[in-house]
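See structure below.
The values are calculated or read from the model by the stated rules, or taken from the named source; none is laboratory data. What you see is a predicted model, and the numbers here were worked out from it, not measured in a lab. Neighbour counts run over all protein chains shown; Cβ positions are idealised from the backbone, glycine included. What goes into the accessible areas is simple: the full protein's heavy atoms, side chains included, and nothing from ligands, DNA or RNA. Shrake-Rupley method; radii C 1.70, N 1.55, O 1.52, S 1.80 Å.
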Amino acid sequence: MNSKLIKNGYNWGMIAVVIQVILSFAVAMVASMVLGVIVSATTGITDQNELQIKIIEAQQSYGMVVNAVSYIIANSCAVFIAMAAARRKGAIKNWFGHSKIGVGLGSLLCTSIIALGMIGSMIINLYHTVFKSSGVTESIATSLFSDNKFIFVVTILYVCIIGPFLEEFLFRGFVLHETYSVSPMLGIVISAVLFGLFHGNFEQAINATLLGLLLGYVTLKANSIWPAVCMHIANNSFSCIATLVSEKCPENQASVITGAMAIFCIVFGIVGFVKLFKKCGRLNRNEDILDSKSFITDEKIAAIMTKENKKSLGASLMFSSPIPYIVFAIMFGFCLILTMTT
């Protein structure tokens with residue numbers, strides 16, 4: 001009985017990611033159709049070829065708005081559908097507890113994740129060299145440089161605030177919450193890899209997985225997803241600022257500004273890493289995850305788990321179910337298809 005309840009939790013924790021991807025595509029298609037209807041009704045164009053061109057232009061211009069709307073709806077629905085199926089309706093309160101990591105260390109960790117992102121970028125550059133790739137087309141940059149103020153504002157809100165919060169809500173909230181009950185380290189790795197594949201191309205997957213490992217560790221040690229949310233916001237905001245600086249400033253001036261920002265983040269990021277591991281140390285496999293104040297524990301988990309069966313938890317228990325294999329196969333295929341088509 002205990003194993004079945006635990007398996008149900010981590011199975012749905014991973015299935016939630018697949019639900020999000022499916023719903024996101026479905027809602028985006030509906031939103032694009034609605035946008036097409038609006039264009040048809042407001043332009044008054046009767047020629048079908050000309051109308052089709054206008055619809056395509058509108059979908060391209062407002063693509064970021066469509067993505068934002070579909071992401072918000074899909075992410076929220078996926079989490080709550082999976083939570084209901086896993087019988088975790090009261091678990092959200094455990095994700096937003098009082099953080100054990102204070103503002104000072106949290107601020108340093110914001111620079112740490114930016115520094116780690118730079119390492120990820122270097123790995124991606126190596127990826128380009130090895131696989132002779134020219135890189136992924138960046139629709140976010142196009143939206144940032146749009147003359148339409150509405151699109152610009154939506155892009156900033158979506159990329160820098162809403163997106164990071166919802167991704168942490170899904171991955172460091174629900175996914176990590178459920179998989180950590182089997183093994184802390186395994187939970188971090190699974191949530192990070194799924195987070196990487198979720199980005200839909202292998203370039204971003206490399207960087208996102210690397211960042212996900214740090215975000216997962218910080219989340220478990222903080223007993224709250226708030227530090228991870230702030231770190232994620234800092235990372236995305238830095239990328240947007242660097243992109244805008246590179247575009248709006250003269251080349252020499254942009255190099256100086258972005259270089260100074262990079263040095264600042266690397267120096268303070270290293271300090272943040274050192275302080276983090278000095279304060280928190282390594283993950284302890286024997287940490288009492290039955291503590292009612294623990295990040296992952298809700299009343300149901302606490303009721304079904306005992307000191308004895310906790311010793312049997314681990315990779316063998318999780319991968320005795322076919323669900324992890326199916327989920328990873330779907331997400332890998334999703335990432336492969338989008339990588340080949342973009």
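Could you check the range 157-187 and list, in sequence order, the residues that are outside any helix (DSSP H, G or I) and hydroxyl-bearing (Ser, Thr, Tyr)? Before you say what the answer is, go through the steps one by one.
Kept after step one, since they are outside any helix (DSSP H, G or I), are these residues of the range 157-187: 180-183.
Those that are outside any helix (DSSP H, G or I) and hydroxyl-bearing (Ser, Thr, Tyr): 180, 181, 183.
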Q: Evaluate the range 53-61: report whether one residue or more is farther than 16 Å from residue 29 by Cα and either modelled with pLDDT under 85 or open to solvent by 30 Å² or more (accessible area, probe 1.4 Å) (or both).
A: yes
Q | In the range 64-81, residue farthest from residue 160 (Cα to Cα) [restricted to those that are of a type outside the set (Val, Ile, Thr) and surrounded by fewer than 18 Cβ atoms within 10 Å (Cβ to Cβ)] | A | 80
Q.
So residue 234 passes all but one of these: (1) more than 30 Å from residue 86 (Cβ to Cβ); (2) open to solvent by 40 Å² or more (accessible area, probe 1.4 Å); (3) modelled with pLDDT of 85 or more. Which condition number does it fail?
A. (2)
Q. Mind checking which residues of the range 241-266 are without any contact (Cβ under 8 Å) to a residue 60 or more places away in the chain and of a type in the set (A, V, I, L, M)?
A. 241, 242, 245, 254, 256, 257, 260, 261, 263
(Q) Pairs needed: first member in the range 316-342, surrounded by fewer than 17 Cβ atoms within 10 Å (Cβ to Cβ) and part of a loop (DSSP other than H, G, I, E, B); second member anywhere, modelled with pLDDT under 95 and among the hydrophobic types (A, V, I, L, M, F, W, C); C-beta distance under 7 Å; at least 6 residues apart or different chains. (A) 342/136
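So, residue 84, is that one within 30 Å of residue 178 (Cα to Cα), exposed (fewer than 14 other Cβ atoms within 10 Å of the Cβ) and among the hydrophobic types (A, V, I, L, M, F, W, C) or not?
Working: within 30 Å of residue 178 (Cα to Cα): yes; exposed (fewer than 14 other Cβ atoms within 10 Å of the Cβ): yes; among the hydrophobic types (A, V, I, L, M, F, W, C): yes.
Judged against the criteria, residue 84 is a match.
Only helices (runs of 4 or more DSSP H) wholly contained in the range 1-112 count here; list those with 1 or more residues that are within 20 Å of residue 324 (Cβ to Cβ).
On the way: elements: 2-43, 48-61, 63-86, 92-95.
Counting at least 1 such residues, we get 2-43, 63-86.
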